[in-house]
Structures are given as C-alpha cells and as structure tokens.
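> My questions all concern the structure below.
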Ligand code: PMV
C-alpha cells in the first residue's frame, strides 16, 4: 500500500511567531499558498519494520539530522492514527526547490506527509470521512510537525489560529472561502529572491521558544490579532494599500522580535536591507503595488498583483538580482493546494 502527495510551501502574511502547549500558536496567522515550490512525499506500509516504526529518506538518502524532528512528530501523531500505529511506515520525500532557499520546506513536507498518512489511515481503518474532515485532520496532523504546515494543506489562503473568522481554530488551519478573496488577490505573484542559501543560524523552533521571554511578546500577540482582521478585510475588498502596509509591517515586526529576543539573532543580510530600500523606493517612484515579506531568514518574498508582472519582473532583473546569491530568484505565485499523485 503506497500513496504519493505533493504539497506546496506557503508564505505567511501575518506571521506565527511564538507558541504554547503542544504546537499551538500564540496568535492567529494567515498565509498565501504557493504554486511552484513543492514537496512530493511517498508514504508506504513497510512489512520489514515493526508496528509503530518508521523510516525516512530524502530522495532515497537517509537524513539522520532530520530524524529527531520526525520522531517528535510521530510521538504525537500516532496517537491519532490507530490503524497506522499497528504497521511499519516508509517515507521518501523530495523538494522541487533548492534546499535552504528561504522557502519553508518543513511546511510543504509535513503537509504532504500528513495527507499521505491520513489517506493510508483512512484505508486501513475504513473510516467514513467527508472531504472536509479529511483535510482538517491532515491540517491538524501537519501542525504537529510544523505549525505553518497546517496552512499548506489548503489552496489560496489559509488561517491558522482562533480568531473572529468562522470555524478558525488553534488545532488546525482553515481555508479562506472564495467569497472573502477579492479578484485582485486571487492571482497574486511571489518572487522569491535568494539573498543567501546558507543554513539559518537560528531554527524556528528556537525562535518560537525565545518568544516566551521576549519583553514585547504580549503586545505582539495582541497586534497580530488586529493585523489579521485588518488584512482579511483588505483581501476581501481588494485594498492593496492596506495589504502592503500590514504585510511589510509584519515582516519587519518578525525580525524586530527575532532581534529583541534574549539571545536573539540577526537573520537579515546587507542584501536584504538593500532590496527592502529599493522596493520601497520603486513603489514610491512608480506607484507599484509590490511589497516585500520575509520568513525567519534573509530571503525576500516580493508579492505583487499579476497585472504588474512585467514591470515588477523587469525591476527585479535590473535592480534586485545583483543582491541575490548567484543572481538566483524563483518565480512563484498563489497556488491551488496539494495534489494526490
Ligand atoms: O512552522 P514553523 O515552526 O517553521 O514556524 C514558521 C514561522 C514563520 O515562517 C516565520 C512564520 C509563519 O507563520 O510561517
């Protein structure tokens, strides 16, 4: 028995940074699901392994450094997979984007793994599950591996964390319904500008943990809630000015928190700052609607409406590419979610 699922990465617009309990978010977040940057994961039953045991390879090669994270995941996940805990499981995954490219591979990986596990579990335990229940369980399980992975289970935009949006939860993400997405935000683009592909000096697990003692955390969590409701309004009504204001403020706040945490880090590179200044100037000079965001690393995600693809891409090539490592950048866009292969 074998299943293959392909899942995309996502980019958070309002960031999840800080958690409590068992992988619960300290504040709600919303992300755009990507189209191009994906992980493909094959999950199969393995008779050579004893019940509850698993083995993992990346493109056919064992990755011992990744095993502790998978071990924590399975310790939590198998309690929710009674059928699978009676068998051995083999997993093989591969990404179609470069390792350490600033694209969160843990989100696309844990989302594809969770979908594969849910499907095998459904087969083994012969449960009757609606499609919505299937995805909700996959999102719940993905969250146990990596919080942001809970959002990669859904197309377009996903919210994770309890907030005013109906059905939202800390346990799993939910998709933003189509009637709350203005047409301009249905075809958004994301150019991922690789400033540095070196491994990050601080893991996101450590970053979340440092928020426990960050003197600004309480204010941050409140502000994230406000930003979430504002950006949902902006996405619903097509307000790009408000969207830009919140997206950039969220990116700067994330790095402000990383800097202000006790034993915090500087994850931005000189090239990141140079690109940010140029994006702001380009917008001022041309009236463009492009804006930047960041994950917990130095690489830029440049977001812009499809109608500006040509002008923004000319701008990237001429003005931003010199600050990218080996001139590398990835053309991505909003995506339609995971696919079963
Ligand atoms: O899912 P994690 O634990 O890798 O944390 C992701 C944190 C950010 O990417 C910085 C923000 C987010 O909401 O995706």
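> I'd like the full set of residues that are in a helix (DSSP H, G or I) and within 14 Å of the ligand (Cβ to nearest atom), limited to segment 202-224.
Once the filter is applied, which keeps residues that are in a helix (DSSP H, G or I) and within 14 Å of the ligand (Cβ to nearest atom), segment 202-224 yields 204, 205, 206, 207, 208, 209, 210, 211, 220, 221, 224.
> Test residue 316 against the criterion of being within 24 Å of the chain's Cα centre (by Cα) and over 29 Å from residue 205 (Cβ atoms), and give yes or no.
Against the criterion (within 24 Å of the chain's Cα centre (by Cα) and over 29 Å from residue 205 (Cβ atoms)), residue 316 qualifies.
> State whether one or more residues within segment 245-262 are assigned to a helix (DSSP H, G or I), touching a residue at least 12 places away in the same chain (Cβ under 8 Å), buried (at least 21 other Cβ atoms within 10 Å of the Cβ) and more than 15 Å from the ligand (Cβ to nearest atom).
No, the conditions are met nowhere in segment 245-262.
> Got a number for residues in segment 3-46 being assigned to a strand (DSSP E or B), within 17 Å of residue 294 (Cα to Cα) and out of contact with any strand residue (DSSP E or B) (no Cβ under 8 Å at 6 or more places or on another chain)?
Of the residues in that region, 0 qualify.
> For segment 148-160, indicate whether the set of residues that are out of contact with any strand residue (DSSP E or B) (no Cβ under 7 Å at 6 or more places or on another chain) and farther than 30 Å from residue 311 by Cα is non-empty.
Here is the first cut: in segment 148-160, the residues out of contact with any strand residue (DSSP E or B) (no Cβ under 7 Å at 6 or more places or on another chain) are 149.
If we keep only those that are farther than 30 Å from residue 311 by Cα too, we end up with 149.
Yes: one or more hits.
> Check segment 178-192 and report whether any residue there is touching a helix residue (DSSP H, G or I) at 6+ places or on another chain (Cβ under 8 Å), assigned to a strand (DSSP E or B) and away from the ligand (no atom under 16 Å from the Cβ).
yes
Conditions tested, residue by residue: (1) under 30 Å from residue 40 (Cβ atoms); (2) at pLDDT below 95; (3) touching a strand residue (DSSP E or B) at 6+ places or on another chain (Cβ under 9 Å); (4) assigned to a loop (DSSP other than H, G, I, E, B).
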site: 275; (1), (2), (3), (4): no, no, yes, no
site: 284; (1), (2), (3), (4): no, no, no, no
site: 302; (1), (2), (3), (4): yes, no, yes, no
site: 314; (1), (2), (3), (4): no, no, no, no
site: 337; (1), (2), (3), (4): yes, no, yes, yes
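> Could you run through segment 133-165 and say how many residues are within 13 Å of the ligand (Cβ to nearest atom), more than 12 Å from the chain's Cα centre (by Cα) and under 21 Å from residue 221 (Cβ atoms)?
Residues in segment 133-165 being within 13 Å of the ligand (Cβ to nearest atom), more than 12 Å from the chain's Cα centre (by Cα) and under 21 Å from residue 221 (Cβ atoms): 1 in total.
> Sort through 310, 289 and tell me the only one that's free of Cβ contacts under 8 Å to residues at least 60 places away in the same chain, within 17 Å of residue 188 (Cβ to Cβ) and part of a helix (DSSP H, G or I).
Answer to the selection: 310.
> Let me ask something else about it. I'd like to check something: does segment 43-61 contain any residue that is buried (at least 18 other Cβ atoms within 10 Å of the Cβ) and either closer than 23 Å to residue 155 by Cβ or within 12 Å of the ligand (Cβ to nearest atom) (or both)?
Looking through segment 43-61, at least one residue is buried (at least 18 other Cβ atoms within 10 Å of the Cβ) and either closer than 23 Å to residue 155 by Cβ or within 12 Å of the ligand (Cβ to nearest atom) (or both).
> Tell me whether segment 92-110 contains one or more residues that are out of contact with any strand residue (DSSP E or B) (no Cβ under 7 Å at 6 or more places or on another chain) and at pLDDT 95 or above.
yes
> Collect the residues in segment 1-38 that are near the ligand (Cβ under 8 Å from one of its atoms) and under 21 Å from residue 177 (Cα atoms), keeping them in residue-number order.
If the condition is that a residue be near the ligand (Cβ under 8 Å from one of its atoms) and under 21 Å from residue 177 (Cα atoms), then 10, 11, 12, 14, 15, 16, 29, 31 are the ones that fit.
> With 275, 235 as the choices, which residue is in contact with a helix residue (DSSP H, G or I) (Cβ under 8 Å, 6 or more places away or on another chain), over 27 Å from residue 324 (Cα atoms) and crowded, with 21+ Cβ neighbours inside 10 Å?
Numbers: 275 fails: over 27 Å from residue 324 (Cα atoms).
None of the others qualify; the one that does is 235.
> Output the qualifying pairs, or none if there are none: Cβ atoms under 8 angstrom, residues six or more apart or on different chains, first residue in segment 141-169 and closer than 15 Å to residue 26 by Cα and free of Cβ contacts under 8 Å to residues at least 24 places away in the same chain, second residue within 11 Å of the ligand (Cβ to nearest atom) and part of a loop (DSSP other than H, G, I, E, B).
169/161
The values are calculated or read from the model by the stated rules, or taken from the named source; none is laboratory data. Since this is a predicted model, take the numbers as computed values, not measurements. With ideal geometry, Cβ positions are generated from the backbone for all residues, glycine too; neighbour counts draw on all protein chains shown.
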